Amino acid sequence: MLSRVALEIRELLTGPKRFGDLQASLRGLGTGLLAARLKHLEHEGLAHKITLPPPARTPAYALTRAGEELGPAILALARWGLKWAMGEPRATETFHPGWAVLGLRACFDPDAATGLHAVYEFHIDDEVFHARIHDKTIEALHGPAQHPDATITISTSAFLRVTGQNLTFADAIEIGDASASGDSTALRRLTGLFRLPTPHDRNTDQTSS
């Protein structure tokens, strides 16, 4: 069951989404197939329809408690992808900057956030999201923060090179593909909050039995 709707659950883990929002994030998924999968999530008690609060007041989908408890499984898949599938992107592959919201949760190092209380706002091209760190816990959501302690701006191409570990954030700033501003302590702590797994090649990294 999970394999059929993992993408939809992944999108809803970062908050309620309108049908159009899900379509924009899940490019290549037809309208009919997306509607069928959302109906399946509802039938299985993993998602339900809600009305977004003002000013939107539009229908949307949100995870139920059972759906939210699939979070660790989806994050494990995200960590697997960062380790085993972060090579050079293929021509047919697309990347949506909003997927970085889940990536922040997947790479978060709780021990590095001990005693830290800070809000980070991220801008990847036109996408804006934020992470609220509260002493070993993280809440990462789409949209701007009300009072960010630090703001990080980076291009999509540079972000992909950073996640692929072909570029450091400091290097991205130096060449003008990224910038950071805000509280100096929050910015200093940022460098250790998210730890990417060492990338592996599935075709060459074989384990003999």
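For the chain, set up a Gaussian network in which alpha carbons nearer than 10 Å are linked by springs, and say which option among Thr14, Thr153, Thr64 fluctuates the most.
Top of the fluctuation ranking is Thr64.
Can you give me the three principal axis dimensions of the stretch 1-124 from its C-alpha atoms, in Å, biggest first?
Sorted largest first, the three principal extents are 40, 38, 28 Å.
At 7 Å along the Cα-to-beta-carbon direction for both Glu69 and Asp125, put a label point, then send me their distance in nm to one decimal.
3.8 nm
Using the beta-carbon distance between His134 and Thr31 and R0 = 30 Å, what value does 1/(1 + (r/R0)^6) give for FRET efficiency, to the nearest 0.05?
0.20
Could you tell me how far the Cα centroid of the stretch 120-151 sits from the Cα centroid of the stretch 1-53, in Å?
Spelled out, the Cα-based centre of one part sits 23 Å from the other.
For the chain, report the convex hull volume of the alpha-carbon atoms normalised per residue, in Å³, without decimals. Let's see the in-between values first.
Details: hull volume 32.3 nm³, N = 209.
Considering the Cα atoms of the chain, their hull volume per residue is 155 Å³.
Could you calculate the FRET efficiency of Lys49 with Trp80 from 1/(1 + (r/R0)^6), where r is the beta carbon distance between them and R0 is 25 Å, rounded to 0.05? Display every interim value, and only then the final one.
Values: r = 31 Å, r/R0 = 1.23.
So, using R0 = 25 Å, E works out to roughly 0.20.
Under 24 Å between alpha carbons: how many lysine pairs meet that in the chain, if sequence neighbours fewer than 8 apart on the same chain are excluded?
Numbers: Lys17/Lys39; Lys17/Lys49; Lys39/Lys49; Lys83/Lys136.
The number of close lysine pairs in the chain is 4.
Tell me, what % of the accessible area of the stretch 1-143 is carbon and sulfur with a 1.4 angstrom probe?
On the way: 4260 of 7720 Å².
Summing carbon and sulfur atoms, their accessible area is 55 percent of the total for the stretch 1-143.
Suppose R0 equals 30 Å; then what is the FRET efficiency for Asp111 and Arg202 from their Cβ-Cβ distance, rounded to the nearest 0.05?
Values: r = 29 Å, r/R0 = 0.97.
The value I calculate is 0.55.
With only alpha-carbon atoms in the gyration tensor, what are the semi-axes of the equivalent ellipsoid for the stretch 159-209, in Å, largest first? If you can, show how the numbers build up before the last one.
Working: eigenvalues 189, 40, 6 Å².
Largest first, the stretch 159-209 gives 31, 14, 6 Å.
Normalised by the residues of the stretch 11-111, what does the relative contact order come to in percent, with Cα pairs under 8 Å and at least six apart?
Values: 80 pairs, mean separation 28.4, N = 101.
The value is 28 percent.
For the stretch 84-180, evaluate the Debye formula with one uniform point scatterer on each Cα (no solvent term) and list log10 I(q)/I(0) at q = 0.17, 0.18, 0.23 Å⁻¹, rounded to two decimals.
Relative scattering, expressed as log10 I(q)/I(0), comes to -0.80, -0.90, -1.33.
Under the definition of Cα pairs under 8 Å and six or more residues apart, what whole-number percent is the relative contact order of the stretch 51-209? The partial results should precede the final answer.
On the way: 224 pairs, mean separation 36.4, N = 159.
With pairs under 8 Å counted, the relative contact order is 23 percent.
The values are calculated or read from the model by the stated rules, or taken from the named source; none is laboratory data. What you see is a predicted model, and the numbers here were worked out from it, not measured in a lab. Note: ideal-geometry Cβ built from the backbone for every residue, glycine included; neighbour counts use all protein chains shown. Just the protein is used for accessible areas: all its heavy atoms, side chains included, with ligands, DNA and RNA removed. Shrake-Rupley method; radii C 1.70, N 1.55, O 1.52, S 1.80 Å.
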